[in-house]
1. Dimensions of the stretch 60-101 along principal axes (Cα, Å, largest first)?
2. Using only the C-alpha atoms of the stretch 16-87, find the volume of their convex hull and express it per residue in Å³.
3. From Cα pairs below 8 angstrom and at least 6 apart in sequence, can you work out the relative contact order of the stretch 59-132, rounded to a whole percent?
4. Give me the orientation-averaged projected area of the Cα convex hull of the chain, in nm², one decimal.
5. Which cross-chain or sequence-distant (5 or more) residues have an amide H under 5 Å from the amide H of HIS80, H modelled 1.01 Å from N in plane?
6. Using amide H atoms built 1.01 Å from N in the peptide plane, name the residues 5+ places from ARG44, or on other chains, whose amide H lies under 5 Å from its own.
7. What distance in nm lies between label points placed 7 Å from Cα along the C-beta direction at THR100 and ASP140?
8. Expressed as an acute angle from 0 to 90° and rounded to the nearest 10, what is the orientation of the C-alpha long axis of helix 59-69 relative to the principal long axis of the chain?
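The values are calculated or read from the model by the stated rules, or taken from the named source; none is laboratory data. As the structure is a prediction and not an experimental result, all values here were calculated from the model. Glycine also receives a Cβ, built like all others from the backbone with ideal geometry; neighbour counts cover every protein chain displayed. Side chains included, ligands, DNA and RNA excluded: accessible areas come from the protein's heavy atoms. Shrake-Rupley method; radii C 1.70, N 1.55, O 1.52, S 1.80 Å.
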Amino acid sequence: MDPESVAWPSTEPSYRLRPPATDEAAALDAFAAVLDATPRQAERVSVRLAIGRRMDLVGPRREALEALSGHNAVTVADDHTIGTVPLTDETFADLAELFTDLDRAIVWDSEGVAVADLRDGALRFALPADAAEGVRAQLDAPAADRIERVD
C-alpha cells in the first residue's frame, strides 16, 4: 500500500478531503459518498488496521475483525491487520465498524485503478466532476467546503 504504487485514472480529476478533526463521522460519510458516486465498479479494498488479535475487542468490533480476518488475503498480527478483501456491503459494514482503527484503505476498481485512498484521516478520490459535485451535496457544509481538486 505504498503511495507510489497507487494508479489513478487519467480520465478523471482527483480530489482531496481533509475532514475537520473534530468530526470523525465526516471521513466515513465522504468515503461512502465517493463509493456511491463512482461510475466505476469498486471491486476490492486494501486495508491496514491498527488492531490485531491481541487487542481487547468485544461485541460488534470483534465480530467485524473476525469477518475481515476470514478472508484468505488478510493477515491478523498481534497488533495490526493488513490485507485485501472484496468490497461488498458486508465488508464495508465491517470497515465502518472498525473505522476509528483504520490506518489506510485503498479502494480499487476491476482494472486495479484507485477509486479512493483513505489515509491518516484524509481522503483522496477520483471522480468525474459532476459525480464529485454529487459527493459535495451529500456532505455537511464544513466537510463539503474542504474538498479540493488536486490535479
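1. That gives 25, 20, 14 Å along the principal axes, largest extent first.
2. About 115 Å³ per residue, rounded to a whole number.
3. Relative contact order for the stretch 59-132 comes out at 19 percent.
4. Across all orientations, the chain yields a mean hull projection of 8.7 nm².
5. Amide H neighbours of HIS80: GLY52, ARG53.
6. LEU87, TRP108
7. In this crude spin-label approximation the distance works out to 1.6 nm.
8. The angle comes out at about 80 degrees.
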